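The structure appears below as structure tokens.
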Amino acid sequence: MGKVNRVKLGIDLIMVVAFVLLFDHLIFGGSMFHEIVGLAIYGVVVIHLLLNARWVKSVTLKVFSRKLPNKTRISYFLNVLLFVCVTFIMFSGVVISKSLFPGINLGNEMWFKLTHTSVSFFSLIIIGIHLGLNWPWVMNQVKNLLGIQLTKTLLQAIVRIAVITILIFGSYQIYATSFVSKLAGLSMVVNPGQMQMLPAKDRGPDDGQSFAKGQPPPRVNRSETGQAEGRPERGARHPEGRGLGAQRSGSAATVLNYLSIMGVGVIITYYLDKLVRRKGSLN
């Protein structure tokens, strides 16, 4: 395993683990950790692109060429989409910052919060698809790094058990974290006016009018409400959902819960890609 591949694998692992950790806003002290790590992830993404600059340049120059394999083209546009999403997450995170950049005000803060969450959950799907398309490379690098040598029968048994476990647990976490409902804010990215269609309790103190008019929303003084910054009211539900993924049960549980959701995307993408390649070889 080459040094460059080790660095790439290490960076990818760090990005994925750090990214899923941020789905628990209360972890490691709350907003300060969330914001610092969020900015750090964006920096790592830029480094990741620089390490793959040769591939990016090569594919960009022939992205619309008929000679370029469809899988490569799909992977390229997934990377572009993921970079756009991560950039939006970083920017919206700065706008709604409570610790590093508390004085920024660009309009309807609730719009930025809703879209920040929705794009983050959407990015989890994109990462899963991206990993699924490149899973053979990932596994080869891991096996070379660890020097794993298993018989075909044992390997197949381990893979089947892992796939079934991830599909069951990941599917439950999709339900437990209200994953689908978290994607509802995606349409607001291009149509901020949809804020007015949300129930008042989901819009926050601003009704969506101020964003359209360019006026700043009223700010809530949490000291007057008796609610501590970054902490839910006593008896309130965790914002991430209602099941295991909704419990503040530590960093390990957060990583496990959201990696399992990502794993569902990886498995579905990998086997769909395998099916397409098999059909192509039969034609």
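Side notes on the structure shown:
- Top-ranked residue of the range 91-109 - restricted to ones that are touching a Leu at 6+ places or on another chain (Cβ under 9 Å) and hydrophobic (A, V, I, L, M, F, W, C), ranked as surrounded by the fewest Cβ atoms within 10 Å (Cβ to Cβ): L100
- Within the option set V4, V45, V37, being under 14 Å from the mean Cα position of the chain (by Cα) and touching a residue at least 40 places away in the same chain (Cβ under 8 Å) holds for one residue only, V45.
- The residue that is farthest from V17 (Cα to Cα), among those in the range 124-139 that are modelled with pLDDT under 85 and of a type in the set (A, V, I, L, M), is M139.
- Subset tally (residues that are assigned to a helix (DSSP H, G or I) and under 16 Å from G43 (Cβ atoms)) for the range 89-110: 5
- Of the residues making up the range 1-47, those that are surrounded by fewer than 16 Cβ atoms within 10 Å (Cβ to Cβ) and part of a loop (DSSP other than H, G, I, E, B) are M1, G2.
- L50 vs. criteria free of Cβ contacts under 8 Å to residues at least 24 places away in the same chain and part of a helix (DSSP H, G or I): yes
- Residue check for F88: surrounded by 13 or more Cβ atoms within 10 Å (Cβ to Cβ), in contact (Cβ under 8 Å) with a residue 40 or more places away in the chain and closer than 27 Å to L186 by Cα: yes
- Of all residues in the range 21-45, none satisfies the criterion of being in contact with an Asp or Glu (Cβ under 7 Å, 6 or more places away or on another chain) and at pLDDT 90 or above.
- From the list F33, F23, F19, the one residue that fits, being farther than 21 Å from H130 by Cβ and aromatic (F, W, Y), is F33.
- Residue in the range 68-78 that is surrounded by fewer than 14 Cβ atoms within 10 Å (Cβ to Cβ) and charged (D, E, K, R) present: yes
The values are calculated or read from the model by the stated rules, or taken from the named source; none is laboratory data. All figures in this text were calculated on a predicted structure; none of them were measured in a lab. Neighbour counts run over all protein chains shown; Cβ positions are idealised from the backbone, glycine included.
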